[in-house]
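The values are calculated or read from the model by the stated rules, or taken from the named source; none is laboratory data. These numbers were taken from a predicted model, which means no experiment stands behind them. Neighbour counts run over all protein chains shown; Cβ positions are idealised from the backbone, glycine included.
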Amino acid sequence: MKPPKRPPIARQPPALLDDGSAPKRDRRRTLTRIDKRLPLGKRVVALKALYESMFSAAELTPLRREQIAEAAQLKDLAEIERGGWLRGEGRCNLDELVRLERRAASAVKGLGIVEKTRAKPPTLLARFAAKAAARP
């Protein structure tokens, strides 16, 4: 059984310029994603993996994953701009760089990642006191 035929779509002729020619198409792509083959993309993937490893599987909701992706991208962009600034190749002024780094640090802090701290080893005085107390 064949699908029913659709009526042809009425197409409007392209708007013409003053000289009678059609306008040129803008073929530039809008960059909305980071290419994972480039160093920037590889670093973002590494940061995302690092941040995601700090959470359990139950804590990784879609919203949390989006926050992690944003924090990783901001952190990487801040690192690249700081490196360019230190090499004298900065594309932004120092004020913009400070804002970018503050925004990246805020995004990472907003994830709520808390590194577990180890208990401090006992001091030498505490060791000697424990040893003296253990003697009969």
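Of all residues in region 95-117 being touching a helix residue (DSSP H, G or I) at 6+ places or on another chain (Cβ under 7 Å) and of a type in the set (A, V, I, L, M), which is surrounded by the fewest Cβ atoms within 10 Å (Cβ to Cβ)? Per the stated criteria, the residue is ILE113. Residue count for region 87-116 satisfying the condition of being under 23 Å from ALA46 (Cα atoms) and of a type outside the set (Lys, Arg): 14. If I filter region 25-41 for residues that are charged (D, E, K, R) and modelled with pLDDT of 90 or more, do I get at least one hit? The answer is no, given that none of the residues of region 25-41 is charged (D, E, K, R) and modelled with pLDDT of 90 or more. Once region 60-80 is narrowed to residues that are among the polar types (S, T, N, Q) and more than 24 Å from ASN93 (Cβ to Cβ), the residue that is modelled with the highest pLDDT is GLN67. In the set ALA71, ALA57, only one residue is under 21 Å from LYS116 (Cβ atoms) and exposed (fewer than 12 other Cβ atoms within 10 Å of the Cβ); that residue is ALA57. A Cβ distance below 9 Å, combined with a sequence gap of six or more or placement on separate chains, defines the contacts here; from region 49-61, residues that are within 11 Å of LEU111 (Cβ to Cβ) reach residues that are exposed (fewer than 10 other Cβ atoms within 10 Å of the Cβ) in the pairs MET54/VAL114; MET54/GLU115. Pull up region 95-120, narrow it to residues that are modelled with pLDDT under 90 and of a type in the set (A, V, I, L, M, F, W, C), then point me to the one that is nearest to LYS36 (Cα to Cα). Of everything passing the filter in region 95-120, ILE113 is nearest to LYS36 (Cα to Cα).
Selection of helices (runs of 4 or more DSSP H) fully inside region 45-136 by the criterion of at least 3 residues being small (Gly, Ala, Ser) and under 17 Å from the mean Cα position of the chain (by Cα) returns 62-86, 94-110.
For region 118-130, give me each residue that is farther than 27 Å from PHE55 by Cα and loosely packed, with under 10 Cβ neighbours inside 10 Å. Selection gives PRO121, THR123, LEU124, LEU125.
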